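One structure is given below, encoded as C-alpha cells.
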Amino acid sequence: MLWCRDAVFVQGGYTLSANLKVKANKVTAVIGPSGAGKSTLLGGIAGFVTQQSGTLSWNDLVINILPPHKRPISMLFQDNNLFPHLTVMQNVALALGTRLNPAPDVQNRIEDVLTRVGLKDLANRKPATLSGGQQSRATLARALLQDREIMLMDEPFSALGPGMKAEMLDLSVELAKAARRTIVMVTHDPADAARVADEVIGIVSGNAWAPIVTKQFLNNPPKPFINYLG
C-alpha cells in the first residue's frame, strides 16, 4: 500500500494536501481540472516535488526521506525523455546503469523487455527514426526494466492520436500488471480512467481526495467534481 499520510507537497506557490491510501497491484487514476495539482501529486510521490510535511510510505518503508533514485518508483513523463544520440537499446539500458555496452546477461534482459513492448527489431534505431508510438514503447520498456514496485504515469501518451493512445495505455497496464506493479496514472480524460482504472483520486482546490471506485466516481461523483465531469 502507498500511503500519503497528512502529506503536503509544495511546487512554486502551489500547495497540495493529500491524505490517502493507494492499493497495491491496482491501477489508480488521478483526475481533476487543469492546474489542480495532478502532476504535483505524482512529483511529490516520486520525490521531484518538495514534501513540506506528513509521511509518505510504501508498505512498511517510509520513502519521503529517500532521494528519488532510491524510491521504489519508476515514472513515465509526458516527454518521452529519450536521448537522441543513443539507440533504443542504449536508452533502455540506462534503466540499469550508465553502461552503453551492457554485459550479455543484461543485454538478454533488455532484448526480452523490447520483445514484450514490440520493439525487438528496432533495438539499434535512434529515437528520431521512430514513430511517436514506438518512442512511447521504448520509454515503457525502460520503466519496466527498472523493476520497481510502483509505476507513475504522467500522461505519457497525451501526444498520440486517440487510437494509439488507447493501445499504449492498454499495453502499459497489461505489462505492468503482469510484473505486479502498482500504477498511479494522471489523466485529463475520464474515459481513460473508465478504461483501465480500479479507483480514482480526484484533485480539486489544493486537495487530493481518497481513492473512490472508478464506476462510483464517474457515475455519482462527489459534488466538487460534478461540473468537471459534466
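The values are calculated or read from the model by the stated rules, or taken from the named source; none is laboratory data. Keep in mind that this is a model prediction, so the values were computed, not measured. Heads up, the Cβs are rebuilt from the backbone with ideal geometry, glycines too, and the neighbour counts pull from every protein chain shown. When the accessible area is computed, the model is the full protein with side chains, heavy atoms only, and any ligands, DNA or RNA have been set aside. Shrake-Rupley method; radii C 1.70, N 1.55, O 1.52, S 1.80 Å.
Tabulated data
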read-out	value
So ARG71, is it of a type in the set (Lys, Arg) and closer than 14 Å to LEU145 by Cβ	no
Candidates ASP60, ASP6, filtered to the one that is more than 17 Å from the chain's Cα centre (by Cα), on the phi > 0 side of the Ramachandran plot and surrounded by fewer than 19 Cβ atoms within 10 Å (Cβ to Cβ)	ASP6
Number of the exception - PRO67 against (1) surrounded by 14 or more Cβ atoms within 10 Å (Cβ to Cβ); (2) within 22 Å of the chain's Cα centre (by Cα)	(1)
Every residue from segment 112-167 that is part of a loop (DSSP other than H, G, I, E, B) and either closer than 25 Å to LYS23 by Cβ or within 13 Å of the chain's Cα centre (by Cα) (or both)	GLN146, ASP147, ARG148, GLU149, GLU155, PRO156, PHE157, SER158
Scope segment 76-95; condition open to solvent by less than 70 Å² (accessible area, probe 1.4 Å) and either in a helix (DSSP H, G or I) or farther than 17 Å from LEU144 by Cα (or both); matching residues	LEU86, THR87, VAL88, MET89, GLN90, ASN91, VAL92, ALA93, LEU94, ALA95
Single residue of ALA179, ALA141 found to be surrounded by 20 or more Cβ atoms within 10 Å (Cβ to Cβ), modelled with pLDDT under 95 and within 14 Å of VAL117 (Cα to Cα)	ALA141
Unique residue being more than 16 Å from the chain's Cα centre (by Cα), crowded, with 18+ Cβ neighbours inside 10 Å and in contact (Cβ under 8 Å) with a residue 24 or more places away in the chain when the list is ALA36, ALA46, ALA29	ALA36
